[in-house]
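The values are calculated or read from the model by the stated rules, or taken from the named source; none is laboratory data. Please read these numbers as outputs of a predicted model, since none were measured by experiment. Quick reminder, even Gly has a Cβ in these numbers, built from the backbone with ideal geometry, and neighbours come from all protein chains shown.
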Amino acid sequence: MVSYHTEGVRMPDIRRREITQWVKDVASSYGYKVGDIAYIFVDDENILQMNRQFLQHDYYTDIITFDYTEGKVISGDLFISLDTVSSNAEQVGDSYQRELHRVIIHGILHLCGINDKGPGEREIMETAENKALSLWKKDLI
């Protein structure tokens, strides 16, 4: 089950049913099924506090993924800072909606085993994000 929540922010304008199906399709393309996925949309201060508390990182980020995957069933809590999504969209010259969808699927790709911290991994993640975004209905972002 995929659920959507907020903490201290308004729910973004997203099509939950379509996103849920998209998440399932992307996970399936990597050989996974979707278990319990919770998207929690937050602000920058909330994500910074979580980054400090759980990861010992002292900076803002767009997403923090807590992975509870077992075998081929992905599960996790995905905290997304809508503030950082907005500033990232401006920096890269993309729409807020497209950047939000990129971050939404970024967390799923992490749960499917794709990393982005080691040498060459960022490029692999970007390719996977672009492939997943190409599966998304273009008129919805």
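Applying the criterion of being of a type in the set (Val, Ile, Thr) and at pLDDT 95 or above to the residues of the stretch 80-102, the residue that is nearest to Ile64 (Cα to Cα) is Ile80. Within the stretch 103-121, the only residue that satisfies the criterion of being farther than 18 Å from Gly35 by Cα and aliphatic (A, V, I, L, M) is Val103.
Being under 14 Å from the mean Cα position of the chain (by Cα), crowded, with 16+ Cβ neighbours inside 10 Å, at pLDDT below 95 and not β-branched (Val, Ile, Thr) is a property that does not hold for Asp77. In summary, Asp83 fulfils each of the numbered conditions (1) touching a helix residue (DSSP H, G or I) at 6+ places or on another chain (Cβ under 6 Å); (2) of a type outside the set (Ser, Thr, Tyr); (3) assigned to a helix (DSSP H, G or I); (4) closer than 20 Å to Asn130 by Cα with the single exception of condition (4).
The requirement of being in contact with a helix residue (DSSP H, G or I) (Cβ under 9 Å, 6 or more places away or on another chain) and either in contact (Cβ under 8 Å) with a residue 40 or more places away in the chain or among the aromatic types (Phe, Trp, Tyr) (or both) is not satisfied by Asp94.
Applying the criterion of being among the β-branched types (Val, Ile, Thr) and either touching a His at 6+ places or on another chain (Cβ under 7 Å) or touching a residue at least 12 places away in the same chain (Cβ under 8 Å) (or both) to the residues of the stretch 97-141, the residue that is farthest from Ile63 (Cα to Cα) is Ile141. In the stretch 17-51, of all residues being among the basic types (Lys, Arg) and modelled with pLDDT of 95 or more, the one that is farthest from Ala132 (Cα to Cα) corresponds to Lys33. Note on the stretch 31-46: residues that are farther than 19 Å from Thr61 by Cα, touching a strand residue (DSSP E or B) at 6+ places or on another chain (Cβ under 9 Å) and not β-branched (Val, Ile, Thr) amount to 4.
Scanning the stretch 46-62 finds one or more residues that are more than 22 Å from Ile14 (Cα to Cα), outside any helix (DSSP H, G or I) and touching an Asp or Glu at 6+ places or on another chain (Cβ under 8 Å). Answer yes or no: is there a residue in the stretch 15-27 that is in a strand (DSSP E or B) and either closer than 23 Å to Ser87 by Cα or touching a residue at least 12 places away in the same chain (Cβ under 8 Å) (or both). Taking every residue of the stretch 15-27 in turn, none turns out to be in a strand (DSSP E or B) and either closer than 23 Å to Ser87 by Cα or touching a residue at least 12 places away in the same chain (Cβ under 8 Å) (or both).
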